[in-house]
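Data first, discussion second: the structure below is written as structure tokens.
The values are calculated or read from the model by the stated rules, or taken from the named source; none is laboratory data. Treat the numbers as computed from the prediction; the structure is a model and nothing was measured. All Cβ positions, even for glycine, are placed from backbone atoms using ideal geometry, and neighbour counts span all protein chains on display. Note: accessible area is taken over every heavy atom of the protein model, side chains too, but ligands, DNA and RNA are not part of it. Shrake-Rupley method; radii C 1.70, N 1.55, O 1.52, S 1.80 Å.
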Amino acid sequence: MISSKELYAFLKAKKLLKNFPKWWWPNAGSFEVLVSAILTQNTTWKNVEKSLKNLEGFLEITAFSNLDEATLKEMIKPSGFYNQKAPRLLTLSNNILNEFGTFKAFQKMVSRDWLLAQKGVGEESADAILCYACLRDEMVVDSYTKRLLKKFDISFKKYGEYKDFLESDFRKEFKKTELFEIFAAFHGMIVEYNKHYKNELL
């Protein structure tokens with residue numbers, strides 16, 4: 001069975017991220033990532049980009065949280081499920097301000113459990129927010145991850161089992177300060193591999 005480190009090396013050799021930002025996800029380390037992590041649920045990234053364009057000028061937590069729900073629904077319509085996503089995003093942004101005061105404080109102090117307690121935030125979204133918005137050492141597991149691992153006859157029943165498989169070898173050998181960049185790149189490479197080599201995964 002291929003190890004997570006061998007899989008990482010296999011992907012890295014493909015040079016999948018050479019034309020992408022340093023941490024793959026656009027504007028990593030910003031409030032925009034949190035918004036896009038929710039918007040990307042059950043839709044394509046192209047649709048998310050359309051919504052983000054509509055939200056220009058409001059992708060800062062205070063301005064965003066001051067939007068009324070009807071306006072936000074209209075802005076994020078391209079991402080679909082806007083009747084669910086708009087109120088959930090507004091509640092989440094207001095909960096962040098109420099609990100942490102600022103987005104910067106949220107980035108430093110938020111826990112995975114706190115995120116998972118928020119309506120509309122599942123394990124994949126929580127890890128995406130922690131990794132790409134908060135720059136934390138958390139690996140994101142998504143359908144692309146499962147599809148790629150299946151190519152190597154690896155499958156698990158639970159999200160946490162996939163996550164542990166991908167993270168454990170790196171956590172044993174690397175300093176905590178290095179793990180964020182590894183996990184950010186690892187997930188990014190998995191997504192891009194699926195897009196570029198999807199015929200190999202059928």
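For the chain, what is the accessible area per residue in Å², given a 1.4 Å probe and the full set of protein chains? Show your work: numbers first, answer last.
On the way: 10650 Å² over 202 residues.
The answer is 53 Å² per residue.
Please state, to two decimals, what the Cα-based radius of gyration of the range 6-76 comes to when divided by 2.2 N^0.38 Å (N = residues).
My calculation over the Cα atoms of the range 6-76 gives 1.37.
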Mean projected area, convex hull of alpha-carbon positions in the range 78-148, reported to one decimal in nm², is 5.5 nm²
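Determine by what factor the alpha-carbon radius of gyration of the chain differs from 2.2 N^0.38 Å, reporting the quotient.
Values: Rg = 17.1 Å, N = 202, 2.2 N^0.38 = 16.5 Å.
Expressed relative to 2.2 N^0.38 Å, the Cα Rg reads 1.03.
Tally Lys/Arg at +1 and Asp/Glu at -1 over every other residue whose Cβ is under 13 Å from the Cβ of residue 194; what's the total? Walk me through the numbers on the way to the answer.
Details: positive: 14, 146, 147, 150, 151, 195, 198; negative: 142, 192, 200.
Surrounding charge for residue 194 is +4.
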Cross-link reach list, lysines versus residue 18, counting only Cα pairs under 21 Å and skipping chain neighbours closer than eight places:
5, 46, 195, 198
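Within the chain, what whole-number % of the accessible surface is contributed by carbon and sulfur, with the 1.4 Å probe and all protein chains included in the calculation?
Numbers: 5300 of 10650 Å².
Reported share for carbon and sulfur atoms: 50 percent.
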For the chain, calculated [θ]222 nm from helices alone, where every DSSP H run of n ≥ 4 adds -39500 (n - 2.57)
-18000 deg cm²/dmol
Note down the magnitude of the dipole of the chain about its Cα centre, charges +1 on Lys and Arg C-beta and -1 on Asp and Glu C-beta and zero elsewhere, to the nearest 20 debye.
520 debye
Evaluate the Kirkwood expression for the hydrodynamic radius of the range 83-202, namely the inverse of the mean inverse distance over all pairs of different C-alpha atoms, and round to one decimal in Å.
15.6 Å
